[in-house]
Amino acid sequence: MPRVKVDIETRTIIRVIAVVLIAWLGAAALYHLRGVLAILILSFFLSLALNPPVNYLAKRVPGGSRALATGLSYVIVLSGLGLFFANTVPPLIRETQNLIQTVPQRIEQLRDSNQGGVIADAINQYDLTDEAEDLAKNLTGKLGDAGGPLLTGLGKVSSSIVAFVTVLVLTFLMLVEGPQWMKLFWSYVPKSRRAHHQALALRMHNTVTSYVNGQLLIASIAGLTSLVAMVIVGIPNPIALAGVISLTALLPLIGATLGAIIIVIVALFQSVGQAILMLVFFVVYQQIENNAIQPYVQSRALEISPLLVLVAVIVGVTLGGLLGGFLAIPAAACARILLMDYIEQRNQLKTA
């Protein structure tokens, strides 16, 4: 059998090691800076979402001041957020306290054949009475001792407040100074390629803006429809729970399901019948959203397949949680635009 001799230059080995080392250092730097990057990316997406109303107001305020237009937009947005949190946070805290106090009673009701139905039959059939009582005691104890972790989490809350204020400031500055920065950036791009790159950037800008605004619309529809359903069924504090649905619905494809699980669990502690009704509602709504609302709202903006959307969401959630899942889809759409443009440019060079 003939021998094959492969000669590798020392310079090539050094280059490979250098590339691997640089890649490793870059990944480590990105990991340590993930919090800062998340703030910058979120600010960037918020500035894109607020840019249309800021442009609209800037044409109508005295002097065409973008700072004044941005300030007016902030007043409107922050007022809406203030009303939202004022109507959601206190009821959620109150419901959590009520849940802690009534856990044993709810489990006892589920165990009762007149209240629990199938659950009660299963408890009685498999002789799980003692286990149900232990569950009630343990769950009550754990929920009652939640004050310790809650106190230790105050530091995280304060950090979140600082991050929220930082995002607001960065978004404000991006909105005010964005046009000047873009003008400066394009001045460094060669004139021969400037028009092409500007058209490419405009496509990505329109894609991201349409996605953000479309997802906000979808989340609003999910919150309003779930609010109506909860009022009809009789779920307590429907406004607060509808706010939870709106927040989770910002995450495409799986967000509404996550919110539905929370609502069904809350309804289960009211009655099994209410939980079943809410489950049926969310199953029906999920089908309508996935097959009608989502494609109609996002089809023109994204132009990517549902498989790529799902893969992007999974990767985004794995790397960056809910925020990563929300940002993964427009990132995938922009990557697709760049890839298609690269392929088109190469084909043009080959045919030239």
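A short reminder: the numbers here are calculations on the coordinates, not readings from a lab. Model, not experiment: these values are computed from the prediction. Neighbour counts are summed over all protein chains in view; Cβ atoms, including those assigned to glycine, are modelled from backbone coordinates with ideal geometry.
Observations on the structure shown:
- Each label was represented as a point 7 Å from its Cα along the Cα-to-Cβ direction; for residue 286 and residue 188 these points are 4.8 nm apart.
- Placing pseudo-labels 7 Å out from each Cα toward the beta carbon at residue 14 and residue 36 gives an inter-label distance of 3.1 nm.
- Entry for the stretch 191-317 at q = 0.12 Å⁻¹: log10 I(q)/I(0) = -0.51, Debye formula applied to identical alpha-carbon scatterers, no solvent contribution.
- For the stretch 263-288 and the stretch 157-214, distance of Cα centres in Å: 41
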